[in-house]
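Values in this text are rule-based calculations from the coordinates and carry no lab data. In this text, all values refer to a predicted model and were calculated from it rather than measured experimentally. With ideal geometry, Cβ positions are generated from the backbone for all residues, glycine too; neighbour counts draw on all protein chains shown.
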Amino acid sequence: MTTRQFTFFLHGLLILCYDVRAFQNVHLNHGRHLSFIKPSGHNSRSKSFSTDLQNKWGQVSSQVSSLSLSSIVVPEPSTADLSPGIVAIDKLNPELEPLLDQLRDEKFFRLYSVDMLGSCEYLPQELFECYSESCEIYPIDEDEVPDKIKSTDASEHEFELDGWARWDMPSEDYYDIKQFPEEYTAYDGSDVWRFIHGRICFNGDKMKDTDSWQEDFNKAVSGLHSMISAQIIKGIDDILANGEQPAEPWTKPDVEFKRRLSPSGETPAALENLYFAYMLLLSAVSAARGRLLEDCKANKFEGPSVEKLQKVLSSPLFDDPNIGIASQKLHDHAVKDQDSRVALWEARMRMREMFRIMNCVQCNKCRLHGKISSMGISTAFQILLGRSGDGGDPKRIHRVELAALMTTLSKFSTAISFATKMAKETA
């Protein structure tokens, strides 16, 4: 272990790993209604919708062999037209997922310079020792980072007062997400999620018009939460499949899936929002496809990255018109009147805050992946909306933003596949 890595190890001993049992008692409803209570506390419309979903869930128990998520996800009336996109994803995502997974092996998409020592500016926190090795990460040796990546990140980093994102200042410390992949760590991030849904998402007077881009923003953040929930459950499932015991405390994967993601669980719209956010990411990558292919021709990628990226971008899922339903709704909501256009500064501000709140995550591995995922969602909004709602210029997207966009797309693709697997097993 190098001196620099040992320094980070000592810092890691000061990082708090909460008892995950506390999360079992926090009901984070990250769908349309952003209260932190049991589903029974919703209004009548929400109750009716939840009941419809539960009935649908029960109806598929005799169709397990042919079950897909499109058969159990029943979008709300305002987003019922998402259904064709959900069907398209169920059909084509199994082919895309392994291609995205292979792409993440390439250094362009797996190396990130991240400030792991940033202080939390949003929540009062106490520091305790972290006894879980799974929480900790270390920067790779400097000579393992290609000079092209280091020089590109340094030259592209800039301060934009009202930008969609504000990535950490690049340094000599780069982290490899292949070396430290997402997995179950037993960390409880409920305080952070409570802040995100209650303070960063739109609530109260801001949500008088539910058919708005503010609602789309909330659904995308909820989809991000659903993706991370799927990662947590998959992490437990992977550990058990290897004949090992997860770090205490933990819950059986089928129980956690039903609680967190199933239509009969605490957040009935969790899967719908997972699809919604995935559609936005797919549309953003589709819009940036020309830029990415130009970069391939300009030799901005090393080794087999070009061939792997071209295979990903050739997926028919990017060309399916039904995938664009979510992004079209977001666009139409953003430009429906002058007030909507002007108010987009709030979306940019809140996306920046989404990234900064990750400094309050006290599991370093979770913080790393949380920052990358937040940047991926932010980049999608930047491409799809730009400053005025009409879309941004993909040619202005930085290396780290493109890498985060593709990595986050891969995370969502895997989450969809795992959710499909769990739906079959729990039906």
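What list do you get for E272, E244, E97 if you sort them by fewest beta carbons within 10 Å?
Listed from fewest to most nearby Cβ atoms, that is E244, E97, E272.
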Can you sort T408, T414 by how many other beta carbons sit within 10 Å, fewest first? T414, T408
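Which order, highest average first, do 99-107, 210-218 follow once you tally other Cβ atoms within 10 Å for each residue and take the mean per peptide?
Taking the mean over residues of other Cβ atoms within 10 Å, the ranking is 210-218, 99-107.
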Can you tell which of G198, I140, T152 lies farthest toward the positive end of the dipole of segment 136-199, using +1 and -1 charges on the Cβ of basic and acidic side chains (Lys, Arg; Asp, Glu)? G198
Going fewest to most other Cβ atoms within 10 Å around each Cβ, C135, C120 line up as C120, C135
Long-range HN-HN contacts of S113 with modeled amide H, under 5 Å: Y175
Take the alpha carbon atoms of segment 309-356, find their center, do the same for segment 106-121, and report the distance between the two centers in whole angstrom. 24 Å
Difference of contour (0.36 nm per residue) and Cα-Cα distance, Q102 to K297: 68.2 nm
Return the aspartates and glutamates within reach of K219: Cα separation strictly under 18 angstrom, same-chain partners fewer than 8 residues apart disregarded; answer none if there are no such residues. E76, D81, D205, D209, D211, E266, E272, D332, E346, E353
For segment 209-283, convex hull volume per residue from C-alpha positions, Å³: 97 Å³
Computed label-point distance, nm, for sites D319 and T210 using a 7 Å Cα→Cβ extension: 3.8 nm
What per residue convex hull volume, in Å³, comes out for segment 263-408 when only alpha-carbon positions are used? 145 Å³
So which of K336/K371; K107/K365; K329/K365; K91/K300; K365/K395 end up more than 24 Å apart, counting from Cα to Cα? K336/K371; K329/K365; K91/K300; K365/K395
Once phi for every residue in segment 168-181 is put through the Karplus expression 6.51 cos²θ - 1.76 cosθ + 1.60 (θ = phi - 60°), the whole-Hz ³J(HN,Hα) values, with Gly and Pro written as x, are 4, 4, x, 9, 6, 8, 10, 10, 10, 6, 6, 6, 10, x
